[in-house]
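The values are calculated or read from the model by the stated rules, or taken from the named source; none is laboratory data. Note that the structure is predicted; figures quoted are calculated from it, not measured. Because the Cβ atoms are built from the backbone with ideal geometry, glycine has one as well, and the counts that use them run over all protein chains shown. Note: areas computed on protein heavy atoms with side chains; ligands, DNA, RNA excluded. Shrake-Rupley method; radii C 1.70, N 1.55, O 1.52, S 1.80 Å.
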Amino acid sequence: MRIYITKDYNEMSRKAANIISAQIILKPNCVLGLATGSTPAGIYAQLVEWFEKGDLDFSEVITVNLDEYKGLGAESEQSYVSYMRKNLFDRVNLRSENVHLPDGRISDSEEACRTYNKLLDEIGPQDLQLLGLGRNGHIGFNEPGNFFEKDVHCVELSQSTVEANMRFFEAGKSVPSHAYTMGIRSILRAKKILVVASGENKAEAVKKVFFGQVTPEVPGSILQLHNDVTLVADEGAFSLCKS
Ligand code: F6R
């Protein structure tokens, strides 16, 4: 595992964006696995800036996102498809047919998961998968539990995730209770994994995920078994890992 510790969020974003842009330059038709949430927003802003300067070309890039809320689609500002459009898809030259997320509007969970699993199989392994970490150590929406779920599945979000994500929802609108997410096998088949973490509220998760026991109680801990993981964490997120 490679670890980069940065002084703050901005430096973390730039470092991670550098790694992603190197991937795009080396393989213009690469498959990027993408994440949403507050941590990657600065990375996307940096990638957009480099695209606008003419330094990056997304015309052949294919993207697959980790997850989507069940019940939400593009009409909802809180959906992950809306987040991705606002932060990246509508701001660079990605082709609309090349961007993919689980379809939150499919109410039959089995069908939604089957459809996304099939698509992931057809597209093939991610060349690079970007991941944020939940405060409870989740990756995608693989919540702490008794076993690792392999493929795309529908999850009931844990109370801590619902609380953490409330900040993205207007007062009076509740966080959906379920989401569709890539499973652990869908994530681990990526050739390279890039994990980003910022702030002291992620310090416990970073410590448990990268230096604790491998257990489904801390879903991200399975990343210790992957052979090409890079962590970019700022000093706050890495603060409990220093000896
Ligand atoms: C988002 C996702 C989640 C987030 C995690 C951290 O697509 O899969 O695992 O990466 O919840 O979220 P933030 O960055 O908002 O702290």
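For S160, only one of the following conditions fails: (1) within 13 Å of the ligand (Cβ to nearest atom); (2) out of contact with any Lys or Arg (no Cβ under 9 Å at 6 or more places or on another chain); (3) assigned to a helix (DSSP H, G or I). What is its number?
(2)
When you go through (1) surrounded by 21 or more Cβ atoms within 10 Å (Cβ to Cβ); (2) under 19 Å from M182 (Cβ atoms); (3) not acidic (D, E) one by one for M12, which number turns out not to apply?
All conditions pass for M12, except number (2).
So for the range 99-114 (the condition being in a helix (DSSP H, G or I) and either hydrophobic (A, V, I, L, M, F, W, C) or within 13 Å of the ligand (Cβ to nearest atom) (or both)), does at least one residue qualify?
yes
Out of G42, G33, G37, which single residue is part of a helix (DSSP H, G or I) and under 18 Å from the mean Cα position of the chain (by Cα)?
It is G42.
I'm told F58 meets every condition in (1) open to solvent by less than 20 Å² (accessible area, probe 1.4 Å); (2) at positive phi except one. Can you identify the failing condition by its number?
Just one mismatch for F58, condition (2).
Would you pick out the residues in the range 179-210 that are within 23 Å of K86 (Cα to Cα) and open to solvent by 10 Å² or more (accessible area, probe 1.4 Å)? Walk me through how you get there before you give the answer.
At the first step, the residues of the range 179-210 found to be within 23 Å of K86 (Cα to Cα) are 179-182, 194-198.
Listed by number, the list holds a single entry, S198.
With respect to L223, is the statement that it is aliphatic (A, V, I, L, M) and outside any helix (DSSP H, G or I) true? Outline the logic, then answer.
Details: aliphatic (A, V, I, L, M): yes; outside any helix (DSSP H, G or I): no.
No: the conditions fail for L223.
Would you tally the residues in the range 1-30 being of a type in the set (A, V, I, L, M, F, W, C), assigned to a helix (DSSP H, G or I) and out of contact with any strand residue (DSSP E or B) (no Cβ under 6 Å at 6 or more places or on another chain)?
6
Would you point out which residue out of L131, L88 is farther than 25 Å from L157 by Cα, crowded, with 21+ Cβ neighbours inside 10 Å, within 16 Å of the ligand (Cβ to nearest atom) and within 15 Å of the chain's Cα centre (by Cα)?
Checking each option against the conditions leaves just L88.
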